[in-house]
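Input: a single structure, listed below in structure tokens.
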Amino acid sequence: MSKLGDLGAKLYRGEVGYDFVGKRFIWYGVSILITITAIVALAVQGLNMGIEFKGGAVFTTPKTAVSVAKATEVSEKASGHDAIVQELGTGGLRIQISGLDTNDAAGVKKQLATDLKVSEADINADLVGPSWGDQIANKAWTGLGIFMVLVVIYLAIAFEWRMAVAALIALIHDLTITVGVYALVGFEVTPGTVIGLLTILGYSLYDTVVVFDGLKEGSKDITKQTRYTFSEIANRSINGTLVRSINTTVVALLPVGALLFIGGGFLGAGMLNDISLSLFVGLAAGAYSSIFIATPLVVDLKEREPAMKALRKRVLAKRAAAAAKGESPEDEGYEAAGTPQVLAQGRAGRRR
């Protein structure tokens, strides 16, 4: 067995573990700082909306000897607007001009044909009006709202309302960070970006549900024992799925990172940036929130219950009594808060 696999087995059995729940206020602070940064970036710089949302034109030319830099210069001169030019595999150019009035598109197309030394008839022009972009934006918001509502309903039924609330907060956390990064780097927001955002929401939710499932199983009939508290079971659930979360996140990030940094960066394939950046940032944020945010939030909500407060008092009282007798925690089958060994022992005992 590999070292990572051996570590994962030890984490699952509770032989080792990290106190994620006990240090949750550190992670809350980190998330709040990142979220504030994202909100400030949105307020100050805003989002660079693509032509699908602002309206404009996309001109596709046949093969030409004109460089991308020169084509950008003549496009901006011809249209009076900023232009994004990308070289296609055929040797042609894709010229994107945001904010261009559809009435002026014909004149710009004619001027481009002259400056780029290609036939006007061979230039393909796709025009997008701002009203169409508004429809896309409204449908995206509607779809996102429906998705969030369905998520809350499902989790409330499958688990409980506290987990539904925690998962919703984690999803909003992931969205805010991803959108904030878009504002910081200035990448265009296109329909591909929306697709990427919806994809990462599904991934983040899946990772969170895996931890919640372990927590639901481990906390069954919790008030009938005095070995461990709810926070200890929650911590055990996180540790038990930690290596799995790391593995799935790394495997998912590798191809997305190749699209973003190699395809979009070195090869200049800018069309890949809109979806690959949202996926890369969102996958990383989703893995972080499922471990450091969602489950600790469930603990904070759950341990407000009178039954959980009473359980914690009984557990701590029993441990204090054992310590007064000079007994070690292992003698009684329990550990101090945050260590998961007893949880694995208790689960194994129930199986037997």
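The values are calculated or read from the model by the stated rules, or taken from the named source; none is laboratory data. Just so it is clear, the model here is predicted, and its values are computed rather than measured. Counting neighbours? That spans all protein chains shown, and the Cβs are built from the backbone with ideal geometry, glycine included. Quick note on the areas: whole protein, heavy atoms, side chains included, nothing else; ligands and nucleic acids left out. Shrake-Rupley method; radii C 1.70, N 1.55, O 1.52, S 1.80 Å.
Things worth noting here:
- Among the conditions (1) assigned to a helix (DSSP H, G or I); (2) over 21 Å from the mean Cα position of the chain (by Cα), G145 misses just one, which is (2).
- Filter pass, V210 being touching a residue at least 12 places away in the same chain (Cβ under 8 Å) and of a type in the set (A, V, I, L, M): yes
- Residue selected from the stretch 202-226 under the condition among the hydrophobic types (A, V, I, L, M, F, W, C) and either at positive phi or surrounded by fewer than 21 Cβ atoms within 10 Å (Cβ to Cβ) (or both), by the criterion farthest from the chain's Cα centre (by Cα): I222
- Among the residues of the stretch 144-164, those that are touching a residue at least 12 places away in the same chain (Cβ under 8 Å) and in contact with a helix residue (DSSP H, G or I) (Cβ under 7 Å, 6 or more places away or on another chain) comprise F147, M148, V151, V152, L155, F159, R162, M163, A164.
- Whichever residue in the stretch 119-160 is in contact with a Lys or Arg (Cβ under 8 Å, 6 or more places away or on another chain) and aliphatic (A, V, I, L, M) and, among such residues, is nearest to G91 (Cα to Cα): I123
- Hits in the stretch 216-226 - residues which are polar (S, T, N, Q) and part of a helix (DSSP H, G or I): T223
- Some residue of the stretch 271-281 being over 28 Å from N48 (Cβ atoms), at pLDDT 85 or above and either acidic (D, E) or surrounded by 21 or more Cβ atoms within 10 Å (Cβ to Cβ) (or both): no
- Residue ranges of strands (runs of 3 or more DSSP E) in the stretch 17-132 with at least 1 members open to solvent by less than 20 Å² (accessible area, probe 1.4 Å) and of a type in the set (A, V, I, L, M): 56-60, 83-87, 93-98
- The test for being in a helix (DSSP H, G or I), exposed (fewer than 15 other Cβ atoms within 10 Å of the Cβ), at pLDDT 90 or above and over 9 Å from the mean Cα position of the chain (by Cα) holds for I153.
- Qualifying residue in the stretch 162-182 (condition: open to solvent by less than 80 Å² (accessible area, probe 1.4 Å) and either assigned to a strand (DSSP E or B) or within 30 Å of T61 (Cα to Cα) (or both)): yes
- Residue count for the stretch 110-157, restricted to those that are within 28 Å of S75 (Cβ to Cβ) and among the basic types (K, R): 2.
- Qualifying positions in the stretch 227-252 - of a type in the set (K, R), in a helix (DSSP H, G or I) and open to solvent by 30 Å² or more (accessible area, probe 1.4 Å): R244
- Hits in the stretch 300-311 (condition: part of a helix (DSSP H, G or I) and in contact with a Phe, Trp or Tyr (Cβ under 8 Å, 6 or more places away or on another chain)): K302, M308, L311
- Summed over the stretch 183-198, the residues that are surrounded by 18 or more Cβ atoms within 10 Å (Cβ to Cβ) and part of a helix (DSSP H, G or I) give a count of 6.
- Residues in the stretch 254-270 include at least one that is farther than 20 Å from V194 by Cα, assigned to a helix (DSSP H, G or I) and modelled with pLDDT of 85 or more.
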